[in-house]
Each structure stands twice: as C-alpha cells, then as structure tokens.
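K.L.:
Have a look at this one before I ask anything.
The values are calculated or read from the model by the stated rules, or taken from the named source; none is laboratory data. Quick caveat: nothing in here was measured; it's all calculated off a predicted structure. Note that each Cβ is placed from the backbone with ideal geometry, even for glycine, and that neighbours are counted across all protein chains shown. The area values use the complete protein model at the heavy-atom level, side chains included, leaving out ligands, DNA and RNA. Shrake-Rupley method; radii C 1.70, N 1.55, O 1.52, S 1.80 Å.
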Amino acid sequence: MKKELTFMNKPQIRKEIIAKRNELSKEQILDNSEKIFVRLYSSPLYKNADTIMNYVSIGNEVFTHDFIQRAISEGKKILVPKCEPNSRKIILSHVIDFERDLEKGFKGLIEPKKETLRPVSSDESDLILVPGLAFTKAGHRLGYGGGYYDRFLAGISKNIPKVALAFELQIVDTLPVESYDIPMDFILTEERLIQCK
C-alpha cells in the first residue's frame, strides 16, 4: 500500500487510509489505543506536561476517551478543541468533567458545550496530541481536509511538543507537502515512538 500511495493525491490517500482503518475491529482499536497510551504514560512527554491539548476521538481514530479521563484524575489540565466553522479556527477549552462538559457538535465531533466552554490560550499547553489520517516518519501530516489544525499549529510556539497519535497502518512513506504544513515532532503508534526528523 505504501508504494501505491506515492502516486495518489490527498483525497485518494484519505480514502485509502480510511478504508484500511475501517478494517480494524473495535477490539483492535481499543487494544492498539491502549498500547499507544501505555507508551505515552511512561514517556517524559507526558510526565513533564501539566497542561495537555487532546482531541476527543470519534469513529475509528485512536481512542482517547479513557486517556482524557485518566489524565484529569491524575491532575493534568486537559484542553479540548472546539471548531469554529465561520473562522475555521480552533478554540481550546479546559475540560474538568468528561461526561458533563462535552457533547456531539460540529460535523459529529465531540466538543465542549457552549455552557461549559472555558477558553484557554494555546500557549498554556505543555503537550499537544494531534489527530490525522496519515503521517510520514519525517513528521508530515495529512488531516481530514478542513485545515483547522494547519491554522492552529501554525500559531503555536515551536517549543510545545506536537505528538501525532496514529495506528501503524497510518504511517506512509511519502505525502504531498504544502508550504503551510506544520510537521509533527513525534508520532506515537502501537509499536513505536517515532522522533521525527
């Protein structure tokens, strides 16, 4: 599959990776996600972070719900993104209670409710956990096509570690790279922690 992707455009790669990810069973998703977070918990990236930005997973993404709840219980400050369709920007909100603070929102994403929105500056983050569809070992990322994370990541400090959460099947040899693409610092899969070049 990796060699074939070299000759595909972004929509074709998205379709291919989504199809591959959809072949995973719920058990495989949960098992692989747990392996990813076991690796993260033991990492200085997590241990040294007081404030962590993390998306709330939907569908067949790396499952983040248990991680968010555990991190909150361990005293971490968790920031969850809320998409603003008009400006195509991300607002970060401090989540205190996973069940009470979140609801299904824009395009089916699980986001902070209006009444529990607690906006926080992105500069407060010590660690940013990033979703995506495909990644290269060099840190290049292919998202879902909305551009929200591209805009967001372009505006944050380069000193904040950006860690992509992905299944091994989402790691590809090459991706089309645009001038505005912001590379990841690390990619965490069920098999390894990749330090991007």
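K.L.:
Give me the residue from segment 135-166 that is of a type in the set (A, V, I, L, M) and not in a strand (DSSP E or B) and, out of that set, most open to solvent (accessible area, probe 1.4 Å).
P.N.:
Of all residues in segment 135-166, those of a type in the set (A, V, I, L, M) come to 138, 142, 153-154, 156, 160, 163-166.
Imposing the further condition that a residue be not in a strand (DSSP E or B) reduces the set to 138, 153-154, 156, 160, 166.
Values: ALA138: 37, LEU153: 8, ALA154: 68, ILE156: 18, ILE160: 12, ALA166: 0 Å².
The residue in question is ALA154.
K.L.:
How many residues are under 15 Å from ILE128 (Cβ atoms) and either open to solvent by less than 50 Å² (accessible area, probe 1.4 Å) or of a type in the set (Asp, Glu) (or both) if we restrict to segment 66-81?
P.N.:
First, the residues of segment 66-81 that are under 15 Å from ILE128 (Cβ atoms): 67-68, 71, 76-81.
So of that shortlist, the ones also either open to solvent by less than 50 Å² (accessible area, probe 1.4 Å) or of a type in the set (Asp, Glu) (or both) come out as 67-68, 71, 76, 78-81.
Within segment 66-81, residues that are under 15 Å from ILE128 (Cβ atoms) and either open to solvent by less than 50 Å² (accessible area, probe 1.4 Å) or of a type in the set (Asp, Glu) (or both) number 8.
K.L.:
Still on this structure: Is there a residue in segment 49-63 that is of a type in the set (D, E, K, R) and either in a helix (DSSP H, G or I) or in contact (Cβ under 8 Å) with a residue 60 or more places away in the chain (or both)? So that I can check it myself, show each step before the final result.
P.N.:
Applying the first criterion (of a type in the set (D, E, K, R)) to segment 49-63 yields 50, 61.
Of the ones still in play, those that are also either in a helix (DSSP H, G or I) or in contact (Cβ under 8 Å) with a residue 60 or more places away in the chain (or both) are 50, 61.
Yes, because at least one residue in segment 49-63 is of a type in the set (D, E, K, R) and either in a helix (DSSP H, G or I) or in contact (Cβ under 8 Å) with a residue 60 or more places away in the chain (or both).
K.L.:
Moving on to the next point. Examine segment 110-131 for a residue that is aliphatic (A, V, I, L, M) and either touching a Cys at 6+ places or on another chain (Cβ under 7 Å) or part of a helix (DSSP H, G or I) (or both), and state whether such a residue exists. Please lay out each step first, then the result.
P.N.:
Step one: filter segment 110-131 for residues aliphatic (A, V, I, L, M), giving 110, 117, 120, 127-130.
Retained after the next criterion (residues that are either touching a Cys at 6+ places or on another chain (Cβ under 7 Å) or part of a helix (DSSP H, G or I) (or both)): none.
No, every residue in segment 110-131 fails to be aliphatic (A, V, I, L, M) and either touching a Cys at 6+ places or on another chain (Cβ under 7 Å) or part of a helix (DSSP H, G or I) (or both).
Rundown of residues vs (1) out of contact with any strand residue (DSSP E or B) (no Cβ under 9 Å at 6 or more places or on another chain); (2) more than 21 Å from THR64 (Cβ to Cβ), yes/no style:
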| site | (1), (2) |
| --- | --- |
| ASP101 | no, no |
| ILE110 | no, no |
| GLU115 | yes, yes |
| SER121 | no, yes |
| LEU127 | no, no |
| PRO161 | no, no |
| ASP181 | no, yes |
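K.L.:
Which one is nearest to ILE156 (Cα to Cα) among residues in segment 106-122 that are open to solvent by 30 Å² or more (accessible area, probe 1.4 Å) and more than 17 Å from the chain's Cα centre (by Cα)? Full working, then the answer.
P.N.:
If we filter segment 106-122 for residues that are open to solvent by 30 Å² or more (accessible area, probe 1.4 Å), which is where we start, we get 106-107, 109-110, 113-115, 117-119, 121.
Remaining after also requiring more than 17 Å from the chain's Cα centre (by Cα): 113-115, 117-119, 121.
Working: LYS113: 24, LYS114: 24, GLU115: 26, LEU117: 20, ARG118: 19, PRO119: 15, SER121: 10 Å.
Restricting to residues being open to solvent by 30 Å² or more (accessible area, probe 1.4 Å) and more than 17 Å from the chain's Cα centre (by Cα), the top hit is SER121.
K.L.:
Sticking with this structure for a sec: Taking interchain pairs and intrachain pairs at least six residues apart, which have beta carbon atoms under 8 angstrom, with the first residue in segment 134-162 and under 18 Å from SER93 (Cβ atoms) and among the basic types (Lys, Arg) and the second modelled with pLDDT under 95 and open to solvent by 30 Å² or more (accessible area, probe 1.4 Å)?
P.N.:
That search, which allows pairs on different chains as well, returns ARG151/ARG88; ARG151/LYS89.
K.L.:
Which of the residues that make up segment 143-180 are in contact with a His (Cβ under 6 Å, 6 or more places away or on another chain) and modelled with pLDDT under 90? Spell out the reasoning first.
P.N.:
Step one: list which residues in segment 143-180 are in contact with a His (Cβ under 6 Å, 6 or more places away or on another chain), which gives 175, 177.
Passing the criteria: only VAL177.
K.L.:
In segment 42-60, which residues are open to solvent by 20 Å² or more (accessible area, probe 1.4 Å) and in contact with a Lys or Arg (Cβ under 8 Å, 6 or more places away or on another chain)? Before the answer, list the steps.
P.N.:
Applying the first criterion (open to solvent by 20 Å² or more (accessible area, probe 1.4 Å)) to segment 42-60 yields 42, 44-45, 47-48, 50, 58-60.
Residues satisfying the conditions are ASP50, ASN60.
K.L.:
On to the next question. Just the residues that are assigned to a loop (DSSP other than H, G, I, E, B) and surrounded by fewer than 16 Cβ atoms within 10 Å (Cβ to Cβ), please, taken from segment 175-197. Before the answer, list the steps.
P.N.:
Here is the first cut: in segment 175-197, the ones assigned to a loop (DSSP other than H, G, I, E, B) are 175-185, 189-192, 196-197.
Correct list: PRO176, VAL177, GLU178, SER179, TYR180, GLU191, ARG192, LYS197.
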